[in-house]
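Let me begin by presenting the structure, written as structure tokens, before commenting on it.
The values are calculated or read from the model by the stated rules, or taken from the named source; none is laboratory data. Just so it is clear, the structure is predicted and the values come from calculations on it, not from any experiment. Virtual Cβ from ideal backbone geometry, glycine too; neighbours counted across all protein chains shown. With ligands, DNA and RNA removed, areas are computed over all heavy atoms of the protein, side chains included. Shrake-Rupley method; radii C 1.70, N 1.55, O 1.52, S 1.80 Å.
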Amino acid sequence: MDSLLKVKAIPNGPLQVTGVFEIMKPDGEVDSREGTTYLCRCGYSNKKPYCDGGHRKNGFEG
Ligand code: FES
């Protein structure tokens with residue numbers, strides 16, 4: 001796998017993050033991720049920091 005972490009903003013949707021990384025949640029828990037992960041950027045997800053598709057229901061534009 002390419003070692004460069006790639007981040008792509010999906011139009012009207014999440015950030016698509018591809019690569020190996022760790023993310024620290026507000027409670028201090030650390031998730032290790034590998035492959036493709038979608039991070040919420042609309043604020044509507046019930047599974048933050050991950051996208052749960054809530055951007056579609058709420059008509060997020062950005
Ligand atoms: S970007 Fe998908 S729920 Fe926020």
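Just a few scattered comments:
- Couplings 3J(HN,Hα) for segment 44-51, derived from phi with the Karplus relation 6.51 cos²θ - 1.76 cosθ + 1.60 (θ = phi - 60°), are 8, 5, 8, 10, 3, x, 8, 6 Hz, where x marks Gly and Pro.
- From most to least packed by mean Cβ count within 10 Å, the peptides 7-13, 25-31 give 7-13, 25-31.
- Considering only beta bridges that DSSP places wholly inside segment 6-57, some 100 percent are antiparallel.
- Low-density loop positions, chymotrypsin sites (Phe, Trp or Tyr not before Pro), the chain - DSSP coil, at most 11 other Cβ in 10 Å: none
- For CYS51, residues with placed amide H under 5 Å, excluding near neighbours: TYR38, LEU39, CYS40
- Rounded accessible area of LEU5 (nearest 10 Å², 1.4 Å probe): 80
- In this label model, VAL30 and LEU15 are separated by 1.8 nm, measuring between points 7 Å along each Cα→Cβ vector.
- The chain pair-distance distribution - Cα-Cα, 5 Å bins, rounded %: 4, 19, 25, 24, 16, 10, 2
- Listed by chain and number, the aspartates and glutamates placed with their C-alpha closer than 16 angstrom to that of LYS48 are GLU22, ASP27, GLU29, ASP31; residues fewer than eight positions away on the same chain are left out.
- Among residues other than CYS42 with Cβ under 13 Å from its Cβ, the summed charge is +3 (Lys and Arg +1, Asp and Glu -1).
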